[in-house]
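A.B. asks: Can you read through this structure? Questions will come right after.
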């Protein structure tokens with residue numbers, strides 16, 4: 001799995017970064033169809049986003065692709081099935097590992113590995129059924145993130 | 001008396017319905033039984049033979065009276081799903097209780113045949129509240145498209161050798177999970193054919209659960225053997241807990257035991273398995289199993305809610321479920337105190353037998369996670385167990 005490395009450079013965290021992953025998902029539709037439909041809203045919260053402020057975006061997965069990527073505020077959190085929150089450094093380590101594995105994270109850097117103990121990434125939800133969606137669609141979400149190996153991420157300073 | 005014996009004594013007696021399923025046990029009995037039915041069956045058959053003899057047609061099937069002819073169900077962007085079909089009142093009205101204990105499909109012209117249709121005695125789950133969940137149709141669609149194949153979707157050739165103690169722990173965990181999956185598949189099997197066909201959405205979902213569990217049993221058996229280890233020891237203590245799940249008196253109670261308690265526990269073990277995996281092969285196995293398990297847990301949570309919301313006497317239903325949960329929680333307690341389960345987890349957590357003590361700290365974390373997530377799911381179902389839960393909140397491990 002994993003697409004071809006391109007010369008695109010996108011900053012993290014940004015809406016564009018997640019939109020590029022959404023674009024990759026659309027380009028690899030056959031692969032994501034083979035994983036099965038995925039219907040959930042995932043929120044990514046970065047504690048030390050641009051300017052040092054918390055940064056939040058929601059990725060709305062629908063069937064075999066992404067319906068929208070949107071910047072949200074704290075008040076919008078209940079619209080998310082689950083929230084993945086951590087700092088920029090953890091994302092950088094995870095993405096570096098995926099790049100090093102050419103589209104597959106090392107054993108210590110899968111989404112489940114990083115969220116299971118509640119640290120360094122906290123996966124939580126207002127609704128336990130929403131949190132269970134993270135488990136139900138885990139493979140799709142992992143492969144979605146794995147496409148970060150297909151472009152260069154620019155790690156902006158907080 | 002032990003705590004579990006006290007709890008069993010306080011449990012209400014199971015309902016009488018369903019306690020004796022009238023299945024013929026011998027050919028002789030079967031033949032006798034059908035001779036008794038033959039008057040009615042034979043009369044219908046003779047009428048049809050006579051009609052053929054006369055060279056005439058019946059054409060009763062062309063009578064649209066009482067049908068929903070003209071109700072066109074429309075597909076959504078993802079195809080034609082049960083949710084799309086059930087948007088129409090004609091086909092989407094799920095009866096609270098069904099009188100139809102036969103194979104006549106919901107939505108067909110069947111009322112006029114009520115006195116001619118056979119009664120299938122085994123269809124004794126005839127109330128929506130015992131099978132329904134508001135996420136049933138969604139989960140069924142999801143289950144169909146998220147199937148996977150343990151033969152081809154696991155990168156078996158990438159299985160790397162690890163130290164013998166770690167491989168033994170992986171094999172023991174695989175043995176335990178194989179035991180669990182037998183029950184997880186057999187429980188829905190025990191109920192599918194008792195559920196009246198008017199609740200076919202539930203029957204269909206349970207079929208996907210059986211397929212999921214068959215695949216899990218298959219993959220853990222394969223895992224135990226693929227690394228050159230072996231299937232190791234069954235767990236006598238936990239097999240008693242599995243028996244309690246299988247023999248639950250009602251579908252709702254069994255679903256609570258299996259899907260909320262049992263599968264909730266196993267979901268956490270799968271997540272822990274992925275966390276602890278020493279190879280990409282194990283990661284893939286646990287991640288794929290985790291997805292299936294979470295569907296079952298989601299169904300169980302909302303099935304319990306559906307039951308409690310619809311029960312005619314909610315206070316009595318809650319009291320009954322609490323009494324049942326007092327026993328049911330022993331399932332979790334039995335699993336997470338069983339050396340055949342927690343010690344291999346501790347070895348994997350500690351990265352070897354030498355550091356099993358460190359691993360027990362990880363098991364302690366798992367314990368707290370399992371209990372808290374169980375209580376959260378109960379809360380979601382409207383079943384507050386926080387003050388009544390019989391499982392200790394903290395891991396009872398003397399350091």
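The values are calculated or read from the model by the stated rules, or taken from the named source; none is laboratory data. Keep in mind that this is a model prediction, so the values were computed, not measured. Note that we place each Cβ from the backbone using ideal geometry, even for glycine, and neighbour counts take in every protein chain shown.
A.B. asks: Return a yes/no flag: does the range B:170-177 have any residue that is at pLDDT 95 or above, over 30 Å from residue A:31 (Cβ atoms), in the same structural domain as residue B:198 (by TED's automatic domain parsing) and not in a helix (DSSP H, G or I).
C.D. replies: no
A.B. asks: Further, regarding this structure: Listed residues B:283, B:243, B:222; which is out of contact with any helix residue (DSSP H, G or I) (no Cβ under 7 Å at 6 or more places or on another chain) and more than 30 Å from residue B:127 (Cα to Cα)? Full working, then the answer.
C.D. replies: Numbers: B:283 fails: out of contact with any helix residue (DSSP H, G or I) (no Cβ under 7 Å at 6 or more places or on another chain); B:243 fails: more than 30 Å from residue B:127 (Cα to Cα).
Only one candidate qualifies: B:222.
A.B. asks: Same structure again: Return a yes/no flag: does the range A:146-158 have any residue that is crowded, with 19+ Cβ neighbours inside 10 Å, within 14 Å of chain B (Cβ to nearest Cβ) and over 19 Å from residue A:49 (Cα atoms).
C.D. replies: The answer is yes, given that some residue of the range A:146-158 is crowded, with 19+ Cβ neighbours inside 10 Å, within 14 Å of chain B (Cβ to nearest Cβ) and over 19 Å from residue A:49 (Cα atoms).
A.B. asks: Is the range B:212-224 home to any residue that is modelled with pLDDT under 95 and surrounded by fewer than 24 Cβ atoms within 10 Å (Cβ to Cβ)?
C.D. replies: At the first step, the residues of the range B:212-224 found to be modelled with pLDDT under 95 are none.
Scanning the range B:212-224, I find no residue that is modelled with pLDDT under 95 and surrounded by fewer than 24 Cβ atoms within 10 Å (Cβ to Cβ), so the answer is no.
A.B. asks: Filter the strands (runs of 3 or more DSSP E) completely within the range A:71-158 down to those with at least 3 residues that are modelled with pLDDT of 95 or more and out of contact with any helix residue (DSSP H, G or I) (no Cβ under 9 Å at 6 or more places or on another chain).
C.D. replies: Where strands (runs of 3 or more DSSP E) fall fully within the range A:71-158, none carries at least 3 residues being modelled with pLDDT of 95 or more and out of contact with any helix residue (DSSP H, G or I) (no Cβ under 9 Å at 6 or more places or on another chain).
A.B. asks: Let me ask something else. In the range B:190-248, what count of residues is obtained for those that are farther than 30 Å from residue B:157 by Cβ and either outside the structural domain of residue B:170 (by TED's automatic domain parsing) or not in a helix (DSSP H, G or I) (or both)?
C.D. replies: Qualifying residue count for the region: 7.
Yes/no matrix, rows are residues, columns are (1) touching a strand residue (DSSP E or B) at 6+ places or on another chain (Cβ under 9 Å); (2) away from every other protein chain (no Cβ under 14 Å); (3) touching a residue at least 24 places away in the same chain (Cβ under 8 Å); (4) surrounded by fewer than 24 Cβ atoms within 10 Å (Cβ to Cβ):
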{"position": "B:238", "(1), (2), (3), (4)": "no, yes, yes, yes"}
{"position": "B:257", "(1), (2), (3), (4)": "no, yes, yes, no"}
{"position": "B:273", "(1), (2), (3), (4)": "no, no, yes, no"}
{"position": "B:324", "(1), (2), (3), (4)": "no, yes, yes, yes"}
{"position": "B:327", "(1), (2), (3), (4)": "no, yes, yes, yes"}
